[in-house]
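The values are calculated or read from the model by the stated rules, or taken from the named source; none is laboratory data. These figures come from a predicted structure and were not determined experimentally. Neighbour counts are summed over all protein chains in view; Cβ atoms, including those assigned to glycine, are modelled from backbone coordinates with ideal geometry. Only protein heavy atoms, including side chains, enter the accessible area calculation; ligands, DNA and RNA are left aside. Shrake-Rupley method; radii C 1.70, N 1.55, O 1.52, S 1.80 Å.
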Amino acid sequence: AQTVTQSQPEMSVQEAETVTLSCTYDTSESDYYLFWYKQPPSRQMILVIRQEAYKQQNATENRFSVNFQKAAKSFSLKISDSQLGDAAMYFCAYRGATSGTYKYIFGTGTRLKVLA
Amino acid sequence: EAGVTQFPSHSVIEKGQTVTLRCDPISGHDNLYWYRRVMGKEIKFLLHFVKESKQDESGMPNNRFLAERTGGTYSTLKVQPAELEDSGVYFCASSQVGKNIQYFGAGTRLSVL
């Protein structure tokens, strides 16, 4: 069975600084998708960034980028130039690419605090 | 375009009572998912609808939970009777057929006292 591990329950970062959130996963599948979602307090969980396992190039979305290490089964999220609005719970998620496999498998989340 | 809407945002009930959670997916999304996060733990999959049919209900904890999606639009998740361990945040998500991105609601926080 696939598992996702987020080893940092909570992280803090100064405004304008850079922070990296870690995520590791375990799977025997060769093709899959990885996601980072963000949930601000009492608001919708939104997609931050997505990575397809067959792509070697790391995904980037503005200030958000990932370090995808397929052999190490690692998928960390780097937030550059942190802003107060980045404060939220961040969840790492895995989805297999096998036909019929639709569910996400999540980690326990990392609460990010941004200090002014 | 409206996102995934969940109602209520918070529900407090006593053990043994019944609660019904509702999810309105994004219009046109045939896939609808329910997940649950128990305090401090990971978000766990409960079940997946394709239109009105249950595609995968492997995550449903027991027969006290009943999910429906009549007409393939909104979905309800009923817990009857509720137990203390049912407390948590229930998330609903939807996606288009053939797409791997799921869009989530804000969740319903259920507190069973």
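What the table shows:
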quantity: In the range B:53-67, residue nearest to the other protein chains (Cβ to nearest Cβ) [restricted to those that are buried (at least 17 other Cβ atoms within 10 Å of the Cβ) and closer than 28 Å to B:Leu113 by Cβ]; calculated: B:Met60
quantity: In the range A:71-83, the residues that are open to solvent by less than 30 Å² (accessible area, probe 1.4 Å) and in contact (Cβ under 8 Å) with a residue 60 or more places away in the chain; calculated: A:Ile79, A:Ser82
quantity: Hits in the range B:2-17 (condition: away from chain A (no Cβ under 13 Å), farther than 14 Å from B:Glu85 by Cα and either buried (at least 17 other Cβ atoms within 10 Å of the Cβ) or not hydrophobic (A, V, I, L, M, F, W, C) (or both)); calculated: B:Ser11
quantity: Among the residues listed as B:Gln102, B:Gln80, the single one being modelled with pLDDT of 95 or more and facing chain A (nearest Cβ under 8 Å); calculated: B:Gln102
quantity: Leading residue by the ranking (least open to solvent (accessible area, probe 1.4 Å)) among those in the range A:27-50 that are more than 9 Å from chain B (Cβ to nearest Cβ), hydroxyl-bearing (Ser, Thr, Tyr) and without any contact (Cβ under 8 Å) to a residue 40 or more places away in the chain; calculated: A:Ser30
quantity: Set A:Thr20, A:Thr3, A:Thr98, A:Thr24: member being open to solvent by 30 Å² or more (accessible area, probe 1.4 Å) and within 24 Å of B:Gly105 (Cα to Cα); calculated: A:Thr3
quantity: Condition check for B:Val50: touching a residue at least 12 places away in the same chain (Cβ under 8 Å), open to solvent by 70 Å² or more (accessible area, probe 1.4 Å) and within 14 Å of chain A (Cβ to nearest Cβ); calculated: no
quantity: Qualifying residue in the range A:73-81 (condition: touching a helix residue (DSSP H, G or I) at 6+ places or on another chain (Cβ under 8 Å), assigned to a strand (DSSP E or B), at pLDDT 95 or above and more than 18 Å from A:Tyr104 (Cβ to Cβ)); calculated: yes
quantity: All positions within the range B:68-87 that are open to solvent by 10 Å² or more (accessible area, probe 1.4 Å), touching a residue at least 24 places away in the same chain (Cβ under 8 Å) and outside any loop (DSSP other than H, G, I, E, B); calculated: B:Gly72, B:Thr76, B:Lys78, B:Leu84, B:Glu85
quantity: In the range B:88-102, the residues that are over 17 Å from A:Ser42 (Cβ atoms) and surrounded by fewer than 23 Cβ atoms within 10 Å (Cβ to Cβ); calculated: B:Ser95, B:Gln96, B:Val97, B:Gly98, B:Lys99, B:Asn100, B:Ile101
quantity: Some residue of the range A:51-70 being in contact (Cβ under 8 Å) with a residue 60 or more places away in the chain, surrounded by 15 or more Cβ atoms within 10 Å (Cβ to Cβ), among the aliphatic types (A, V, I, L, M) and within 30 Å of B:Asp56 (Cα to Cα); calculated: no
quantity: Every pair of residues 6+ apart whose Cβ atoms lie under 7 Å, when the first sits in the range A:1-12 and is part of a loop (DSSP other than H, G, I, E, B) while the second is open to solvent by 70 Å² or more (accessible area, probe 1.4 Å); calculated: A:Gln2/A:Asp26; A:Pro9/A:Arg111
quantity: Scan of the range A:101-113 for residues that are open to solvent by 20 Å² or more (accessible area, probe 1.4 Å) and closer than 16 Å to A:Leu21 by Cα, ordered by number; calculated: A:Thr108, A:Arg111, A:Lys113
